[in-house]
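Chemist: Take a look at the following structure, please.
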Amino acid sequence: MKPQRALAVLAAVVVSGAVAGAQVTFDRLLRSASEPDNWLTYSGGTMSQRYSLLTQVTPANVRNLELKWIYQVQSLEKFEATPLVVDGVMYTVSAPNDVIALDAASGRVFWTYSYTPSTLARLCCGRVNRGVAIAGHTIFMGTIDGHLIALDAKSGGLVWNIAVGGARAETGYGFTMAPLVIKDKVIIGSVGGEFGVRGFLAAIDAKTGKEAWRFNTVPGPGDKGHDTWAGDSWKQGGGPLWVTGSYDPDLNLTYWGIGNPGPDWNGDKRAGDNLYTESVVALDADTGALKWHFQFTPHDEFDYDSVQVPVLADITFAGRPRKVMMWANRNGFMYVLDRTSGEFLLGKPFVKTNWTSGLDAKGRPMNVKPVTPEGTLIYPGNQGGTNWYSPSFSPRTGLFYIPSWMDTYSTYIKRPVDYVEGQRFTGALPVMSARMLQPGPLVNRRLPEEGYGAIQAFDPKTGERKWAFNMADMTESGVLSTASDLVFAGGRDGYFFALDAKTGSLLWKASVGGAVSAGPMTYAVGGKQHVAVSAGNALLVYSLRP
Amino acid sequence: MKTTSFVFLASGAFAAMLGAQQAHYLPAEVEAGGRVYTSTCTGCHGPDGDGVAGINFSQGKYRRAASDDDLVRIIVRGIPGTPMAPTGMSEGQAATVVGYLRSMTAAAGASAAGGDAVRGKSLVESKGQCLTCHTIGATGGHAGPALSDIGLQRRSVDLMQSLVTPGGEVRPENRAVRVVMKDGKTIAGRFLNQDTFTIQLIDSTDKLLSIDKSSIRESSLLTTSAMPSYRDTLSAQELEDAVAYLSSLKGRPQ
């Protein structure tokens, strides 16, 4: 290459870098569908469909996808983050709390921000983080020791670092979810369901770091719902949040899934429904005031956290247009709710269930089995029919895609348990047919009846299953759907693959050498569509062979 | 006098407390705890729980723990200044291990102590024909699990049970697989691994195979053992000799 030609190329690169200087206004977050080259929130938009309008990769050419670049994180802890891509720059988190900014075209690192969390932090299930949020020129990350950190998106320099009020790491509080930005606020909720915390969701002013409002997931004395807790049990009532919620700008409501009551596996001392654990809450985005709630599993003793991503869509249901929320719950049932009112529209099992005889007309489970000292065998098992793995909805196919754990079961045993601050507050660990955390080598000698994984597609209008793609092992992968009718997902056995969104047939697969425990996403840079997924301890990015 | 009665009362109270803290464990918990014990604890404590001086789980002999809670705490946090490192297990998982430790004490009466390992070696290698399916060191077949360090993996009581009623317990890692290919060819062997698209096994000719599932017509995992029972082929003394030999196999050159 002649020197002058090289200079011209360099100038073009510099110019494209300069174009990438626009800040991410809230309007851009709301209209993320109009700029599908970018992936601006955890679930790809505030409606959380994990659906992209990019169509360069199609069912016809997807077999030509090849690895473009790979970024190996330094951490050997579980990699659960979905990256953001903003104007050619990718942001992700290496566990527990290191933020990395990369060139989305090449994987070269622009900057890293390293945070060392307090050694007092205690998490039930690994020091994980699921990603960051962006507003303006600022990146936001929650930390496992209860801090919210604001970083300059260009340099990685610290803007502010606050200890979120009451989120004491030594008592089990902390953050693992990607925050959600609504208007001028950053919204984040705390983990700690295995440590007897009292969960909360907090809205923090993006500029100042000051708390604007707070929603306690367990109502205190005088609050509505407080009478669903016996005695003082509300004080250690749990109700953690650990997966990002959604936002409907027309209703100005934000929706969040809430986790298990404490203690997990013995409800004797918390008689009552235990609101708002195992519920979705709809909150006024400006004030945090509760508009409505729907409880999936009242008085839960099976650890069926309802922390799933609320998937919002406008569909025709029973002959009329409805603003709905689709929800594949850890308890094994798929729900469709009216998101203006919380009205129950539909609920059907999507995996084998035996903990309830079924749902009544209002969606409440009937004849729930008790946990006993002798042990109770329950389907689905403790890890549920699904869990925190992101589902997807394609407005084109009208199908709801669910990462599923098929035919798993657990034996639940009731044992006495007392609260000691900072210690686990759970009761006896259930005996599970499929292991919950899968460290080490990927060796699978399980029998089919001990459980397997699947990506399932359901019609939310009827609850009818349209197809299933079965896997030999479980999956903690999210699902991405695209406007070219592709579905991307992976599994524990170390594959990342593309399915036909209408039929579920396999169109492409890649061996990624480690479990996929994150949601895939897609973006475009330099006019070229890329598909990214975290697997094992690496971030892998695919694009079409030139 | 007063001091004595105080001590007596205190130890009585302690015993009562101990009784209250010894939980009853379900078979499923004991089984889960046993899997963890084998993968995490046998390296130092041995399968019979007598690998560390002064401690013998089969005899219920502990140095620093009395209650189940003590044991859970030690398993989770370790003992500073000793080789007993923190395991990083959750308390729930540690509790299943305690369930297994308690079951070891209960089962200890059945352990075989009267065998002669030298006689056992010759039985295993000749009359028992064990090396047809098992390796010891570099010798033997691969249809069954390798036995070179079986004395570190399994208690003598377990080994005796496997010889007498081999179908009684086939661990997931010892399952066999039978595959019928689309061209009608049948392959049988020891099941090593599978994923969504492939299956790995070692066949009857000791070949390591990875088979694409798209070329398979049908396959089945066998949960019953192909191993014959030695109840009628070996005498009671011979069985004890074989167990004594197998228990002596700890990964050292023979």
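Each value in this text was obtained by applying a stated rule to the coordinates, not by laboratory testing. What you are looking at is a predicted structure, and each value in this text was computed from that prediction instead of being measured. Because the Cβ atoms are built from the backbone with ideal geometry, glycine has one as well, and the counts that use them run over all protein chains shown.
Chemist: Apply the Karplus parameterisation 6.51 cos²θ - 1.76 cosθ + 1.60, with θ equal to phi minus 60°, to every residue of segment A:156-165 and state each ³J(HN,Hα) to the nearest whole Hz, in sequence, with x for glycine and proline.
Modeler: With the stated coefficients, segment A:156-165 comes to x, x, 6, 8, 7, 9, 10, 7, 5, x Hz.
Chemist: Here's something else I'd like to know. Please report A:Y115, A:Y452 as a ranked list, fewest other C-beta atoms within 10 angstrom at the top and most at the bottom. Write out the running numbers ahead of the final one.
Modeler: On the way: A:Y115 19, A:Y452 23.
Listing A:Y115, A:Y452 from fewest to most nearby Cβ atoms yields A:Y115, A:Y452.
Chemist: Normalise the Cα radius of gyration of segment A:248-406 by 2.2 N^0.38 Å (N = residues in it) and let me know the number.
Modeler: Numbers: Rg = 15.6 Å, N = 159, 2.2 N^0.38 = 15.1 Å.
Normalised by 2.2 N^0.38 Å, the Cα Rg of segment A:248-406 equals 1.03.
Chemist: Another question, then. To test your reading of the geometry: what angle, between 0 and 90 degrees and rounded to tens, separates the Cα axis of helix A:3-19 from the longest principal axis of chain A?
Modeler: Once rounded, one gets 30 degrees.
Chemist: I'd like to compare A:50-61, A:301-312, B:75-86: which one has the highest average count of other Cβ atoms within 10 Å, and what's the full order after that?
Modeler: Values: A:50-61: 19.2, A:301-312: 26.9, B:75-86: 13.3.
With the highest mean Cβ count within 10 Å placed first, the list reads A:301-312, A:50-61, B:75-86.
Chemist: Another question about this same structure. Using a 10 Å cut-off around each Cβ, can you sort A:V351, A:V281 from fewest to most neighbouring Cβ atoms?
Modeler: Result, fewest neighbours first: A:V351, A:V281.
Chemist: Here's something else I'd like to know. What does the structure give for A:488-497 when I average, per residue, the other chain Cβ atoms found within 10 Å of the residue Cβ?
Modeler: Values: counts 0, 0, 0, 2, 2, 6, 2, 3, 0, 2.
Averaged over the peptide's residues, the number is 2.
Chemist: Once you put a point 7 Å from the Cα of B:R77 and another 7 Å from the Cα of A:S511, both along the Cβ direction, what distance in nm separates them?
Modeler: 4.5
Chemist: Using the Cα atoms as the points, what is the convex hull volume per residue of segment B:176-222 in Å³? Display every interim value, and only then the final one.
Modeler: Values: hull volume 2.9 nm³, N = 47.
Once divided by residue count, the hull of segment B:176-222 is 62 Å³.
Chemist: Between beta-carbons, use under 12 Å as the cut-off and find the net charge around A:K78, counting Lys and Arg +1, Asp and Glu -1.
Modeler: Numbers: positive: A:R127, A:R130, A:R492; negative: A:E77, A:E80, A:E476.
Its environment carries a net charge of 0.
Chemist: When a footprinting reagent is the concern and you count Cβ atoms within 10 Å, what order do A:T25, A:T411, A:T397 take, fewest first?
Modeler: On the way: A:T25 11, A:T411 22, A:T397 19.
Going from least to most buried by this count: A:T25, A:T397, A:T411.
Chemist: Okay, moving on. For segment A:141-273, rounded, prolate or oblate, judged on the Cα gyration tensor with a ≥ b ≥ c (square roots of eigenvalues), a/c < 1.5 rounded, else prolate if a/b > b/c?
Modeler: It is prolate, given that a/c is not under 1.5 and a/b is the larger ratio.
Chemist: Taking 30 Å as R0, compute the FRET efficiency from the Cβ-Cβ separation of A:N470 and B:T186 and round it to 0.05. Intermediate results must be reported in sequence, preceding the final value.
Modeler: Working: r = 24 Å, r/R0 = 0.81.
Efficiency, rounded to the nearest 0.05: 0.80.
Chemist: Pick out, from A:N38, A:V132, A:G358, the residue whose Cα sits farthest towards the positive end of the charge dipole of the protein assembly as shown, with +1 on the Cβ of Lys and Arg and -1 on the Cβ of Asp and Glu.
Modeler: Value computed over the given set: A:N38.
Chemist: Counting only other chains, and only Cβ atoms inside 10 Å, what mean value do you get across the residues of B:189-201?
Modeler: Details: counts 0, 0, 2, 3, 7, 7, 12, 17, 8, 3, 2, 3, 0.
Partner-chain Cβ atoms within 10 Å, mean over residues of B:189-201: 5.
Chemist: Using only the alpha-carbon atoms, what does chain B span along each of its principal axes? Please give whole angstrom values in decreasing order.
Modeler: 86, 45, 33
Chemist: In terms of modelled amide H atoms, which long-range or inter-chain residues lie less than 5 Å from the amide H of A:K68?
Modeler: A:V541, A:Y542, A:S543
Chemist: Could you give the spread of the C-alpha atoms of the protein assembly as shown along their three principal axes, from largest to smallest, in whole angstroms?
Modeler: 84, 79, 58
Chemist: Taking 7 Å along the Cα-to-C-beta vector as the label spot, tell me the A:D223-B:T139 distance in nanometres, rounded to one decimal.
Modeler: Between A:D223 and B:T139, the simple spin-label model gives 7.3 nm.
Chemist: Ok, one more. Output the peptides A:422-431, A:229-238 sorted from most to least packed, where packing is the average of other Cβ atoms within 10 Å over each peptide's residues. Kindly include the intermediate steps, with their values, before the conclusion.
Modeler: Working: A:422-431: 22.7, A:229-238: 20.7.
Order by mean packing, descending: A:422-431, A:229-238.
Chemist: Right, next: Averaged over A:417-429, how many beta carbons belonging to a partner chain fall within 10 Å of each residue's beta carbon?
Modeler: Taking the mean over all residues of the peptide, I get 2.
Chemist: Quick check on chain A: helices-only [θ] at 222 nm, where DSSP H runs of length 4 and up contribute -39,500 (n - 2.57) each and the sum goes over total residues. Nearest 500, please. Can you show the working numbers first?
Modeler: Working: 2 runs with 22 residues, N = 546.
Mean residue ellipticity at 222 nm (helix-derived): -1000 deg cm²/dmol.
Chemist: Let me ask something else. In chain B, which helices (entire DSSP H runs) extend 15 Å or more along their own long axis, judged by Cα positions, while averaging at least -0.5 on the Kyte-Doolittle scale?
Modeler: On the way: long enough: B:2-21 (28 Å, 1.00); B:27-40 (19 Å, -0.39); B:91-107 (24 Å, 0.32); B:236-248 (18 Å, 0.02).
Helices meeting the criterion: B:2-21, B:27-40, B:91-107, B:236-248.
Chemist: Let me ask another. Please list, in order along segment A:497-509, the HN-Hα scalar couplings obtained from phi with the Karplus expression 6.51 cos²θ - 1.76 cosθ + 1.60 (θ = phi - 60°), rounded to whole Hz, x for Gly and Pro.
Modeler: In residue order, the calculated couplings are 8, 10, 10, 6, 5, 8, 10, x, 6, 6, 10, 6, 8 Hz.
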